[in-house]
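Please read the structure below before turning to the comments.
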Amino acid sequence: MTEERATEIPNPCLFVLFGGTGDLAKRKLIPALYDLFRAGELSPRFAVVATGRSPLGDEGYHALAKASLDEFSRKKPDEESWKAFSSMLSYHVLDFSSPDADYTGLRDCLETIDGRRGTAGNRIFFLATAPEFFGRSVKALKANGLLDNQGPWQRVMVEKPFGTSLATARELNKEILTALPEENVYRIDHYLGKEMVQNITAIRFGNAIFEPIWNHRHIECIQVQSTETLGIGTRGDYYEQSGILKDMLQNHILQMLALTCMEPPVDLSPGEVQLEKIRVLSALRPFRGGDEESLVVGQYGPGMVDGQPVAGYRSEPRTAKDSTTPTFIALKAHIDSPRWQGVPIYIRAGKRLDRMVSEISIRFRQVPGVPCYSEFAEAHPDVLVIRIQPGEGIYFHMNAKKPGKGFQIETVELDYCQASRYTDNTPESYERLIFEAIQGNPAFFTGWDELERSWRYIESIERVLAARPTVYPNYAAGTAGPVAAEALVRADGRTWWKEAGE
Ligand code: BG6
């Protein structure tokens with residue numbers, strides 16, 4: 001059952017899930033809601049209405065939700081807690097893809113549940129549908145009086161991708177902002193809900209040993225890597241449209257980069273942090289013709305992952321046999337600001353690679369003068385690694401004297417593993433995001449101006465790639481990616497950061 005809490009969680013709310021039978025709902029959202037419920041972080045006056053096109057009924061939906069929890073929840077539900085959780089979960093058929101979708105029926109249903117559960121008219125509409133329905137759904141909600149924000153509040157959480165280009169993102173944004181004010185729009189980038197992504201700010205600004213040297217005088221290069229062993233699974237339709245640029249780079253990676261490279265904000269309020277992130281994204285040097293050397297894309301062919309043969313991208317369900325969608329990207333970015341002059345930022349992301357890791361590594365310059373000590377000839381530059389996943393933590397790679405006679409330098413590691421200190425798992429990112437949206441905290445969401453800047457940067461990359469088509473597939477699944485990605489860093493005398501022994 002729900003753990004005891006001293007004070008009641010405020011903000012009664014009715015959580016309306018569009019795309020309630022979809023993959024995201026099953027894998028992430030239902031487990032996140034359940035984990036929040038178990039942790040006692042939902043108001044007792046809370047309810048969920050899942051909507052979808054299938055004629056499931058409450059009972060059918062409960063079966064789907066239970067299966068999702070059995071497979072994906074951190075704690076499997078016992079009978080008592082499942083009974084309590086399912087009692088606040090209902091299902092309503094709504095064909096949001098149809099122009100004639102019955103929103104009056106939805107409104108009646110929500111009002112009935114408001115009355116029954118005391119949810120007070122406060123609502124979150126979570127759009128986890130195919131992106132082409134985002135704008136239409138918001139418009140219809142508004143037209144049917146479901147987004148009036150008169151008294152009780154109504155908020156909309158929008159999944160990614162937010163648009164497919166700068167133009168379509170602008171259009172979608174306009175459509176949404178016609179229906180409700182910016183402060184009621186929560187654009188999701190689930191990486192912002194990750195514990196170690198939030199920790200970037202604490203590590204940077206909370207430590208006298210880092211903040212004063214966080215600049216081009218002391219940092220030689222930065223790497224942001226997010227690699228996966230998974231392929232695209234059954235998401236061929238979506239991935240063909242997005243590819244790695246729009247699936248990972250435009251959002252998750254640029255957000256990590258912005259937090260790593262922003263100037264210290266005036267305070268840590270969402271507005272001030274967002275302002276600084278916007279400045280970084282605006283200062284990202286756009287790619288131009290001639291920058292081809294700094295950009296590598298790839299698409300996986302068949303290969304072996306975890307000892308098992310796996311298909312190439314073009315043989316995955318719902319992809320084109322001659323698809324030119326990239327599943328890998330490596331690039332060298334630059335931020336044209338006084339702080340980051342001359343510091344290359346290497347980015348690498350891809351599917352079906354040899355390891356799953358998301359991390360930011362900061363490589364410091366050698367201490368001036370030290371190279372003249374012959375004993376330091378073998379010394380390595382210090383490296384700070386912020387490990388987002390797996391194994392959240394902080395790792396610092398530095399030089400020290402090897403014990404014993406003589407004076408030999410060796411590399412030692414200071415390794416902080418967050419999971420060993422906090423044995424109770426930290427919340428999943430969706431759990432955090434849903435909680436913050438209910439509390440009305442925009443800190444973990446992406447503002448429009450950030451999105452606009454990221455789209456501009458992505459489009460500059462797309463233009464360069466369009467002028468230089470790549471022959472695919474160009475890496476085997478289960479490998480480190482295209483050979484050219486190694487060459488990209490090697491040309492600068494570097495390698496992709498990887499811990500020794502990995
Ligand atoms: C999603 C992408 O946004 O992020 C997926 O659509 C990707 O393709 C996923 O696998 C990665 O998220 P995480 O939390 O597993 O690192």
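Laboratory data are not the source of any read-out in this text; all were calculated from the coordinates shown. Since the model is a prediction, treat every value here as computed from it, not as a measurement. Ideal geometry is used to build each Cβ from the backbone, glycine not excepted, and the neighbour counts take in all protein chains shown.
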Original post:
Once you have the alpha carbon radius of gyration of the range 261-340, what is it after dividing by 2.2 N^0.38 Å, with N set to its residue count?
Top reply: 1.66
**OP:** Could you work out how far the C-alpha centroid of the range 47-85 sits from that of the range 230-249, in angstrom?
**Re:** 27
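Can you compute the charge dipole magnitude of the range 163-254 about its Cα centre, using +1 on each Lys and Arg Cβ and -1 on each Asp and Glu Cβ, nothing else charged? Give it in debye, rounded to the nearest 20. Don't jump to the answer; show the numbers that get you there.
On the way: 8 positive and 12 negative charges, 39 e Å.
Approximately 180 debye in magnitude.
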**OP:** Quick one: dipole size for the chain, taken about the Cα centre, charges +1 on Lys/Arg Cβ and -1 on Asp/Glu Cβ, in debye to the nearest 20.
**Re:** 760
**OP:** Mind checking the full-extension length gain between T168 and V367? Use 0.36 nm per residue of separation minus the Cα-Cα distance, one decimal, nm.
**Re:** 66.8 nm
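What number comes out for the charge environment of G20, summing +1 per Lys or Arg and -1 per Asp or Glu over other residues with Cβ under 12 Å away?
Working: positive: K26, R53; negative: D23, D58.
Net local charge, G20 excluded: 0.
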**OP:** Enter the mean projected area of the convex hull around the alpha-carbon atoms of the range 182-240, in nm², rounded to one decimal.
**Re:** 7.8
**OP:** Could you please report the charge total around K332, scoring K, R as +1 and D, E as -1 over all other residues with beta-carbon less than 15 angstrom from its beta-carbon?
**Re:** -1
Subject >> Set of lysines with alpha-carbon distance to K402 below 23 Å, sequence-local pairs under 8 removed >> reply: K498
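With respect to the cross-link table entries K28/K277; K26/K66; K28/K160; K28/K66, which display a Cα-Cα separation exceeding 20 Å?
Checking Cα-Cα distances, K28/K277 exceed 20 Å.
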Subject >> Spread of Cα-to-Cα distances over 5 Å intervals beginning at zero, given as percent, for the range 1-90 >> reply: 3, 14, 27, 27, 18, 8, 2, 0, 0
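Please order K76, K332 by the number of other Cβ within 10 Å, starting at the fewest. Mind dumping the intermediate values first?
Values: K76 12, K332 20.
Exposure proxy ranking, most exposed first: K76, K332.
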**OP:** Beyond 19 Å, what share of the Cα-Cα pairs of the range 116-171 is found? Please give it as a whole percent.
**Re:** 37
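May I ask for the percentage of alpha-carbon pairs in the range 219-303 that lie more than 19 Å from each other? Mind showing how you got there, number by number?
On the way: 1945 of 3570 pairs.
Value for the range 219-303 (Cα pairs over 19 Å): 54 percent.
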**OP:** May I ask for the net charge around F205, where only other residues with Cβ less than 15 Å from the Cβ of F205 are counted and Lys, Arg are +1 while Asp, Glu are -1?
**Re:** -2
**OP:** Sort the following peptides by mean Cβ neighbour count (other Cβ atoms within 10 Å, averaged over residues), highest first: 26-36, 451-461.
**Re:** 26-36, 451-461
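Taking a cut-off of 20 Å, what percent of all Cα-Cα pairs in the range 157-270 are separated by more than that? Write down the numbers at each step before the final one.
Numbers: 3598 of 6441 pairs.
Everything past 20 Å amounts to 56 percent.
What does the convex hull of the alpha-carbon atoms of the chain project to on average, in nm²?
Value for the chain: 26.4 nm².
For the residues D322, D108, what sequence is obtained by ranking on other C-beta atoms within 10 Å, fewest first? Show your work: numbers first, answer last.
Details: D322 7, D108 12.
Least crowded to most crowded, the residues run D322, D108.
Residue separation times 0.36 nm, minus the C-alpha to C-alpha distance between A130 and E459: what's the value?
Details: separation 329, 0.36 × 329 = 118.44 nm, distance 2.21 nm.
So the extension gain works out to 116.2 nm.
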**OP:** Treat the range 424-477 as a sphere of radius equal to its Kirkwood radius over Cα pairs and apply Stokes-Einstein at 25 °C in a medium of 0.890 mPa s; give the translational diffusion coefficient in µm²/s, rounded to a whole number.
**Re:** 164
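For the range 104-222, just run the numbers: alpha carbon Rg, then divide by 2.2 N^0.38 Å, N being how many residues it has.
Values: Rg = 20.0 Å, N = 119, 2.2 N^0.38 = 13.5 Å.
This ratio for the range 104-222 stands at 1.48.
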Original post:
At V412 and D291, where each label point lies 7 Å from the Cα along Cα→Cβ, what is the point-to-point distance in nanometres?
Top reply: 4.2
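Which of the peptides 112-120, 98-106 is most tightly packed, and how do the rest follow, going by the mean number of other Cβ atoms within 10 Å of each residue? Kindly include the intermediate steps, with their values, before the conclusion.
Values: 112-120: 16.0, 98-106: 13.7.
Highest to lowest by the protection proxy: 112-120, 98-106.
Per residue, how big is the convex hull around the C-alpha atoms of the range 39-92? Give it to me in cubic angstrom, could you? Let's see the in-between values first.
Numbers: hull volume 4.8 nm³, N = 54.
Cα-based convex hull of the range 39-92, divided per residue, equals 88 Å³.
For the range 314-445, how big is Rg over Rh, using alpha carbon atoms and the Kirkwood form of Rh? All intermediate terms of the calculation are to be shown ahead of the outcome.
Values: Rg = 21.2 Å, Rh = 19.5 Å.
With Rg and the Kirkwood Rh in hand, the quotient comes to 1.08.
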Original post:
So what is log10(I(q)/I(0)) for the range 390-500 at q = 0.10 1/Å, when the Debye sum runs over its Cα atoms only?
Top reply: -0.69
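What Kirkwood hydrodynamic radius, in Å, does the range 1-160 give when the mean of 1/r is taken over all pairs of distinct Cα atoms and then inverted? All intermediate terms of the calculation are to be shown ahead of the outcome.
Numbers: mean 1/r = 0.0628 Å⁻¹.
For the range 1-160, the Kirkwood estimate is 15.9 Å.
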Original post:
Can you give me the Cα centroid spacing of the range 299-325 and the range 451-502 in angstrom?
Top reply: 18
